[in-house]
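Peer 1: The structure that follows is given in the form of structure tokens.
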Amino acid sequence: QVHLVESGGGTVQPGGSLRLSCAASGFGFSDYTVTWYRQRPGEERELVASITIGGSTNYAGSVKDRFTVSRDNAKKTMTLQMNSLKLEDTAVYYCNAGLGGRFWGQGTQVTVSS
């Protein structure tokens, strides 16, 4: 059975940092690009960052130079290091993987608030 489980969300002040993790099981994690998405209340889900099987990364312009995505294929995990957090980073963050992005985690809430 496929599982993607996010962790590491929470509440942080503007300018703070959080590190999200996603643990995968039940499929060939190392065979696919893995992606972080987020969804703000009332908005559509948007791509935050992705990392290919070869380690190439892609970031949304709004998070570039603040967020870093990484993966550990041996451990079947991916992480999102988020620095210099802003109020507008508040969202539910999801990890995504698999053929055509078919697998989703349940999401983890990130709240940036003063």
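The values are calculated or read from the model by the stated rules, or taken from the named source; none is laboratory data. Every value quoted in this text rests on a predicted model; they were computed, and no experiment measured them. Because the Cβ atoms are built from the backbone with ideal geometry, glycine has one as well, and the counts that use them run over all protein chains shown. Only protein heavy atoms, including side chains, enter the accessible area calculation; ligands, DNA and RNA are left aside. Shrake-Rupley method; radii C 1.70, N 1.55, O 1.52, S 1.80 Å.
Peer 1: Go through the range 78-110 and count every residue that is open to solvent by 40 Å² or more (accessible area, probe 1.4 Å), charged (D, E, K, R) and either outside any loop (DSSP other than H, G, I, E, B) or closer than 16 Å to residue 8 by Cα (or both).
Peer 2: 1
Peer 1: Let me ask something else. How many residues, within the range 42-58, are farther than 15 Å from residue 69 by Cα and open to solvent by 70 Å² or more (accessible area, probe 1.4 Å)?
Peer 2: Restricting attention to the range 42-58, the residues satisfying the condition of being farther than 15 Å from residue 69 by Cα are 42-46.
Now narrow it down to the ones that are open to solvent by 70 Å² or more (accessible area, probe 1.4 Å): 42-45.
Number satisfying all stated conditions: 4.
Peer 1: Restricting attention to the range 17-41, report how many residues are crowded, with 16+ Cβ neighbours inside 10 Å and part of a loop (DSSP other than H, G, I, E, B).
Peer 2: So the first thing to find is which residues in the range 17-41 are crowded, with 16+ Cβ neighbours inside 10 Å, and the list is 18, 20-24, 27, 29, 32-38.
Filter again for part of a loop (DSSP other than H, G, I, E, B), leaving 27, 32-33.
Adding up the residues that qualify gives 3.
Peer 1: Is it true that residue 57 is within 15 Å of the chain's Cα centre (by Cα) and over 20 Å from residue 84 (Cα atoms)?
Peer 2: No; evaluated as a whole, the condition is false for this residue.
Peer 1: Under 8 Å between Cβ atoms, which residue pairs at least 6 apart in sequence (or on different chains) link something in the range 87-105 that is farther than 21 Å from residue 3 by Cα and touching a residue at least 60 places away in the same chain (Cβ under 8 Å) with a partner that is part of a loop (DSSP other than H, G, I, E, B) and open to solvent by 30 Å² or more (accessible area, probe 1.4 Å)?
Peer 2: Pairs found: 87/14; 87/113; 87/114.
Peer 1: Considering only the range 70-77, I want to know if a residue exists there that is closer than 27 Å to residue 14 by Cβ and within 15 Å of the chain's Cα centre (by Cα).
Peer 2: Initially, the range 70-77 is screened for residues closer than 27 Å to residue 14 by Cβ, giving 70.
Subsequent filtering for residues that are within 15 Å of the chain's Cα centre (by Cα) retains 70.
Yes; the residues of the range 70-77 include at least one that is closer than 27 Å to residue 14 by Cβ and within 15 Å of the chain's Cα centre (by Cα).
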